[in-house]
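Take a look at the structure set out below.
Every number here is computed from the coordinates shown, using simple stated rules; none is lab data. These numbers come from a predicted model, not from an experiment. No Cβ is skipped: glycine too gets one built from the backbone with ideal geometry, and neighbour counts run over all protein chains shown.
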Amino acid sequence: MCMRVFVCRVSICEYATIGNVTETLWEAASEADIDTLRQQLDRIPRGVIGIGARCVCGRPTVVVTAPRLEDGSPFPTMFYLTHPGAVKGCSTLEAEKTMEQLNDWLAEDDQAREAYKRAHEDYISRRRRLGEVPEIDGISAGGMPTRVKCLHALVGHALAVGQGINVVGDRALELMEERNLWSPTRCTCEM
């Protein structure tokens, strides 16, 4: 199987070609994006590869991060949630022990558990396109494939790759929307 990753400067997107299939993975980060990320994170962003998802206003919501940072350390969280509203929404759900309910759901629902395992495999497959990092090989994020550990990572994955890939991230997004904590369909940026 042939795999190439290259930058398309015309449309400022990253693509992966596997066999005869070409897929858009993320947009390149602009200087304005880097400045916004710096404000969102309250630090200089590290290992930025691109923007995996955006707010409806255009600001970054998820940053795509290299599997190995500039200092050489491995970094398993490829899809890093940065939008303050989304981060707060995930933190609220975590504080209210929603992860326990989601873990119970995975324990009881065979289809959800299998879909979650596929999300784990999807995450690793996408990260490997950026390079092999032996220290984190087989490790995804957020507790996948067996438990729910970090909603921020799971929601970041769901937003970056779209609905239907990460069932737990999708469910967390539904819960945030139902509770009016945050929604990807409306801007809550305060910058």
**Request:** With runs of 4+ DSSP H residues as the only contributors, calculate the mean residue ellipticity of the chain at 222 nm using -39,500 (n - 2.57) per run, divided by the residue total and rounded to the nearest 500.
**Result:** -12500 deg cm²/dmol
**Message:** Of Ala53, Gln39, Leu130, which is farthest towards the positive pole of the range 3-178's charge dipole, taken about the Cα centre with +1 and -1 on the beta-carbons of Lys, Arg and Asp, Glu respectively?
**Reply:** Leu130
**Asked** What nm value, rounded to one decimal, do you get for the distance between Asp122 and Glu177 when each label is placed 7 Å out toward the C-beta?
**Response** 1.5
**Item:** Restricting the range 20-125 to GluC sites (Glu not before Pro) in coil, as DSSP defines it, with at most 11 other Cβ within 10 Å
**Value:** Glu70
**Within straight-line cross-link reach of Lys97, lysines at Cα separation under 20 Å, skipping those fewer than 8 residues along the same chain** = Lys88, Lys149
**Prompt:** Which is the longest run of the chain containing none of the trypsin sites (Lys or Arg not before Pro) found in DSSP loop states (not H, G, I, E, B) with at most 10 other C-beta atoms within 10 Å?
**Reply:** 98-191
**Asked** Where is the GNM fluctuation largest for the chain (alpha-carbon springs, 10 angstrom cutoff): Ala66, Ala107, Ala119?
**Response** Ala107
**Asked** How big is the charge dipole of the chain about its Cα centre, in debye rounded to the nearest 20, if each Lys and Arg gets +1 on its Cβ and each Asp and Glu gets -1 on its Cβ?
**Response** 380
**Message:** Using the basic label-point model (7 angstrom from Cα toward the beta carbon), what is the Ile139 to Asp109 distance in nanometres?
**Reply:** 2.9
